Every structure is written in structure tokens, then in C-alpha cells.
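Below is one structure; the comments refer to it alone.
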Amino acid sequence: MKIGIQVPSFNYEGSPASIRPRLKDIAQFVDAHGFYSLWTMDHFFQMEMLAGPDQEMLEGYSTLSYFAALTEHVKLGTLVTGVIYRHPGILLKTVTTLDTLSGGRAYLGIGAAWYEGEARGLGVPYPDTSTRFEMLEETLQIAHLAWGSAHPGPFDGKHYQLSGPLMNPMPIAQPYPPIMIGGGGEKKTLRLVAQYADACNLFVFAGHEALQKKLDVLKAHCDDLGRDYASIEKTALGSISPQMTSADIIALCKSTEALGFTHLIFNMPDVEKLTRLEQVAREVLPEVS
């Protein structure tokens, strides 16, 4: 089981001046102690369920570039980029740049976006759900086109038209940075995973029965499309609460692994104090890695 860490908030004592050194401590600890991946959210406002837009929030890819300069081993990505926030060609250039500067450690985490208040607040168009999923599928198609050839041809879609999404330099990761789609929608999202992605990302808090059902649906989509289900990395996002012991975390990892997941990503309160990270590194990683 691979263990990753998501940094979901930046409301540190003494912020904003304290944010930079606290993130340096987090990134370097994660990199040095056997964690597999390090993630930011791709939000511009803090989510309502985590205190809302009055709380500090950093732009995801700038933060990941900072992490890239501080680390040598951990994979880096967003959980997950909202498709409405960046034109596909610019998004792919951004991820390709992150991959280059990290030495081939980038993921492209992507989804259909959901935070309407954030989009409205910043003046970003927020189309209906059906349109956002159309935009997501076209972006995935453009990713395969751009990363599939050093001299890609044009793309003429319903929402996007690109004369040639040239990526120079091409990504270091081979054959390209893994594409992770976040979400568990059974009709659209998981079918897009089966058709275009290298990894799925589901929510641990959904519970084991629900997670098993999502994986069964994903496998059915793979069977329909002739995709090798085993080739898709199964990842899930969870939280480590203050009440959880190391034994609780180990049990969660092992029970989730039994469903077929190989990569769990955790956020935790007060991550900047490092005490929980130290506990997980010392007591959990040796048991599950």
C-alpha cells in the first residue's frame, strides 16, 4: 500500500508569513520518510466545509512547483483540477512543466469541478453539469493527443479547438504523467476513467460497501470498453482524525487494500505541526508499505 498526504488548508498560526516555512517542513518530511505522494487541492477559495472562503487558500500548481523544488522522491499532483479553471492546452503545459521540474513526478489529477461559489466569486464561467462533463472528456482527449506525439495534430471539438497542442519539452514521465480522474459517478465519471485514465480516486468515507460497488462498476466499464481493469491504479482519499490510533489507520489501510486499492491519500488536522506525520511515518508506514 502506498501512502500519500494531501495538504488541504493553510490556516497556520502566524499566516501568511508562516505558510512558506511550514509547507517546506511538510514537503521535506514527507519526501524523506517514505511517503509516496504529496497533493494539494485545486481550489482558489477554501471549501465551505473547511471554514469557507475567509480562510487562506493557495493556488495549487504554484504550490506544487514549490514542493518540486524542495523534494526529490514524492509524486506531486492536485486532487483534483477542476476542468473549468484552465484551458486544456494551458493546463497540459502547466502539468508538463511540473513534470519536467520535478524530474518526472507529476500526476494530472482532474475532474468536472463542483465549487460553484468559487467560480462565481472569481468570474469563471460555470456551465451546467452535462457541459462540464463534455469539457472534461474533450480535455482528456486533448491530453492523449498532446502527450502522444511530439508533433500532435489539431483538435476540433465542441468546446475546444486547438491547431496543435505542442508540448516542448515533452514530459519526462513515461509514457506521460499518469492521469487521475477524481469522483465516483457511475454513469459518466467511472466510464471516463475506464476510457481515458490511469488512476481513479474515490472517497474512503463512502464506506467499504460503497467502494466495492464503485470498483465493480469501474470493472464493468472496463469490460465494455476492452480495457484491462488491472492497469488502472485504484486510489482513495481519506482523513486521519485526532481520535484515530495508529492501529486504526493500519486497519483502514489493510481493509481498503483488500478491496483492491493500492494508494491511499490522507489529509489530517494540524499537519503543519508534523506530530501526526511523524506518528504515521514511525508506526504506520512500516506496517503497510
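Annotations
For (1) touching a residue at least 60 places away in the same chain (Cβ under 8 Å); (2) more than 15 Å from V7 (Cα to Cα); (3) surrounded by fewer than 16 Cβ atoms within 10 Å (Cβ to Cβ); (4) touching a strand residue (DSSP E or B) at 6+ places or on another chain (Cβ under 6 Å), each residue gets a yes or a no:
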{"position": "L252", "(1), (2), (3), (4)": "no, yes, no, no"}
{"position": "L264", "(1), (2), (3), (4)": "yes, no, no, yes"}
{"position": "R276", "(1), (2), (3), (4)": "no, no, no, no"}
{"position": "A281", "(1), (2), (3), (4)": "yes, yes, no, no"}
{"position": "P286", "(1), (2), (3), (4)": "no, yes, yes, no"}
{"position": "S289", "(1), (2), (3), (4)": "yes, yes, yes, no"}
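- In the range 130-170, the residues that are of a type outside the set (V, I, T), within 16 Å of L108 (Cβ to Cβ) and in a helix (DSSP H, G or I): M135, L136, E137, E138, L140, Q141, A143, H144, L145, A146, W147, G148
- Contacts under 7 angstrom Cβ, first residue in the range 103-126 being in contact (Cβ under 8 Å) with a residue 24 or more places away in the chain and crowded, with 21+ Cβ neighbours inside 10 Å, partner among the basic types (K, R) and outside any loop (DSSP other than H, G, I, E, B), 6 or more apart: R105/K75; Y107/K75; A112/R132; A113/R132
- Residue match in the range 219-232 (condition: part of a loop (DSSP other than H, G, I, E, B) and either more than 17 Å from A197 (Cα to Cα) or among the charged types (D, E, K, R) (or both)): yes
- The range 1-22 - residue that is without any contact (Cβ under 8 Å) to a residue 60 or more places away in the chain and among the hydrophobic types (A, V, I, L, M, F, W, C) and, of those, nearest to T40 (Cα to Cα): F10
- Residues (more than 25 Å from T189 (Cβ to Cβ) and outside any helix (DSSP H, G or I)) located in the range 35-92: F35, A51, G52, P53, D54, Q55, E56, L58, T71, E72, H73, V74
- Unmet requirement for K75, which otherwise passes all of (1) buried (at least 19 other Cβ atoms within 10 Å of the Cβ); (2) out of contact with any Gly (no Cβ under 9 Å at 6 or more places or on another chain): (2)
- Screening E134 on (1) farther than 23 Å from L237 by Cβ; (2) under 16 Å from the mean Cα position of the chain (by Cα) shows it passes everything except condition (2).
Since every read-out is calculated from the coordinates, none of them should be taken as a lab result. Source: prediction; values computed, not measured. We place every Cβ from the backbone using ideal geometry, glycine too, and count neighbours over all the protein chains shown.
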